[in-house]
Every structure is written in C-alpha cells, then in structure tokens.
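Structure record follows, encoded as structure tokens.
The values are calculated or read from the model by the stated rules, or taken from the named source; none is laboratory data. Just so it is clear, the structure is predicted and the values come from calculations on it, not from any experiment. Glycine also receives a Cβ, built like all others from the backbone with ideal geometry; neighbour counts cover every protein chain displayed.
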Amino acid sequence: MLFSLSNPWLRQTKRIDAVVQEFFLCGTGYNSSRPEKSYKIVGFTSYFNELRTDYLKFAMFEFATNAWKIIDHASYVAKSTREQSLRYNNVSLNGNLYWPAYNLETCQYFIQILDFSEEIMKPFCIQPCEKKDSSYTRVLAVYKGERFSLLEQCKTTCKIEVWVTKKKITNGDDGEDVVWIKFMNVSIHNFPRFYHKFSRYMVDNNIYGKTLVMCCSYRKNDQAYVYIVRGDMCKRIKIDEVPSQFRWSIHVPSLIVFR
C-alpha cells in the first residue's frame, strides 16, 4: 500500500510505503521531548490472530527515521474502556492526540491521550459530563490554541452544552489538575445532529460574544452546511459542491519540511 503527503506551499511531496495492506489514518503528532520536532503519523489496521479473531493494531511512521512501528492496541487500552472512534474524533495538541472515552466499570467519561514522546496511550482527565448513558454525543476540540473545549449534544432534543478548560494544557501535564467551566448552551429549534464522522466545530469568545461554529451534514437534503450560533442568532451557510458525507483532512503547518 502506498500513500503520499503533500505540502503545496513548499511544493514538496513525500511518498510512503505502508507496511500493512489496510491503513486508516488517525492523525499526526511529534516527539515533544526533543529540541527539534520529530513528526509522526499514526493510524490503525485490522489483524486476525490464530483464533481468527479480528483486533486492532496501531501503525506509527516517523519521518526522522523513515521507519514504521506496529503497536498492539490491546496492550495499551484496558478491557473496561470503550473508546469513541480515534479515526474521526481526535484532536492534536502539544504533539499528542486526545479523544473521548468511557470506562464501563466506573461509568466515567474521560479524555484518552496518545503520547507521541512515549508512544503509549493512557487516561488524561475526566470529562465534565454528568450523564451516564449513550443518548448524548460528546466531541472534543481545541480552544484558543492551547485549551480544550468539549461539546455535548442530546440525540433526542439536539440541545448543546459546551465546556472549556479553565487553564491551558501544557506538555508534561498529567491531567489531574484540569478544571472545566461551562462556556455556552445552545437550544435552537430544528438544529442539526452532530455526527462524529462528518462534523467539526469550534468555539470562540471575542468582542462579538461567545460563538459556536459547526460544519456538519444535513441528512434530509444530503448537503453540507456551516452553522454560526451567537446568542439567539443562528446563521446557516451552504457549502456548494461538498457532499454531506465529507471527510476531514489533516493539516501540517505550511513551513514544516517533511523529513
């Protein structure tokens, strides 16, 4: 399997031979413990063991060494943990990937981290959500470049609550001191459902007030829209020539050279 990375600004393309037949891209990160950022890409692939049981392994490629590393998913994630899809619902911050997860034993929603420096997965912090059922969609995003925001939407009413972390998330932060504060509520008639695979959002607080921006699909007419919510105002902008089931892409800063 062969795929490529392209940087249009530098007119640079790098082709990579994958070590597996199927590779589902999850995201990018880097080793923050080194003076120079050593970028990596990570994804997962399915394997069959001797019992013909399908299970996941992670594949990580490092640009500095041009080498692949296969990581056994089972050795990093506890059996009591149920994760939302890492492929569609993760964010990159300080070189690491973060995504929502759920502990079946404690009934706690928490944030999971893939640490690119240590190449391990571990729980990071508890989510602010109090609901203990699956009737809510929970999505993570980066707020102001150095903090987290968490969107929770009721699948029945489509009402939304958004939290943000009080302080910035730094390298070496173990997550124990993370404090969440309520950012905004959204209760608008006929507001769309948020789908992990085909939706993204961001929030901001500036001179115009607290704002929610959502890019998602509208299933009734198979069309993608951008929704801008500020107070009681909701503006919908159609995205022409974009199908409803669009995929998100990964962005690397434009002046970063692929090594």
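Hey, can you tell me all the residues within the stretch 120-136 that are touching a Lys or Arg at 6+ places or on another chain (Cβ under 9 Å), modelled with pLDDT under 85 and surrounded by 15 or more Cβ atoms within 10 Å (Cβ to Cβ)?
Cys129, Tyr136
So, in the stretch 227-251, of the ones that are of a type in the set (A, V, I, L, M, F, W, C) and surrounded by 15 or more Cβ atoms within 10 Å (Cβ to Cβ), which residue ends up modelled with the highest pLDDT?
Here the residue is Val229.
Testing Tyr88 on (1) modelled with pLDDT of 85 or more; (2) under 15 Å from the mean Cα position of the chain (by Cα), one condition comes back false. Which one is that?
(1)
Could you grab me the full set of residues in the stretch 144-169 that are over 20 Å from Tyr102 (Cα atoms) and out of contact with any Leu (no Cβ under 9 Å at 6 or more places or on another chain)?
Residues of the stretch 144-169 that are over 20 Å from Tyr102 (Cα atoms), as a first pass: 144-147, 156-159, 166-169.
Result: Lys144, Thr156, Thr157, Cys158, Lys159, Lys166, Lys167, Lys168.
Hey, among the residues in the stretch 175-189 that are free of Cβ contacts under 8 Å to residues at least 24 places away in the same chain and part of a loop (DSSP other than H, G, I, E, B), which one's farthest from Phe110 (Cα to Cα)?
So, considering only residues that are free of Cβ contacts under 8 Å to residues at least 24 places away in the same chain and part of a loop (DSSP other than H, G, I, E, B), the one farthest from Phe110 (Cα to Cα) is His189.
So how many residues does the stretch 100-119 have that are of a type in the set (Val, Ile, Thr) and at pLDDT below 85? Write out each step before concluding.
Keep residues of the stretch 100-119 that are of a type in the set (Val, Ile, Thr), which gives 106, 111, 113.
This time we only want the ones that are at pLDDT below 85, so: 106.
Number of matching residues: 1.
Please name all residue pairs, on different chains or six or more residues apart, with Cβ atoms under 9 Å, provided the first residue is in the stretch 37-48 and is under 13 Å from Glu62 (Cβ atoms) and hydrophobic (A, V, I, L, M, F, W, C) and the second residue is modelled with pLDDT under 70 and not in a strand (DSSP E or B).
Ile41/Ile250; Val42/Leu86
Six or more apart or on different chains, Cβ under 6 Å: which pairs go from a residue in the stretch 199-216 that's farther than 16 Å from Lys166 by Cα and free of Cβ contacts under 8 Å to residues at least 12 places away in the same chain to one that's small (Gly, Ala, Ser) and surrounded by 16 or more Cβ atoms within 10 Å (Cβ to Cβ)? Could you list them?
If the second residue must be small (Gly, Ala, Ser) and surrounded by 16 or more Cβ atoms within 10 Å (Cβ to Cβ), no pairs are left.
Yes/no per residue for (1) under 17 Å from the mean Cα position of the chain (by Cα); (2) exposed (fewer than 13 other Cβ atoms within 10 Å of the Cβ); (3) over 18 Å from Thr157 (Cβ atoms):
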position	(1), (2), (3)
Asn171	no, yes, yes
Asp177	no, yes, yes
Asn185	no, yes, no
Phe191	no, no, no
Tyr195	yes, no, no
Arg200	yes, no, yes
Asp204	no, no, yes
Leu212	no, no, no
Cys215	yes, no, yes
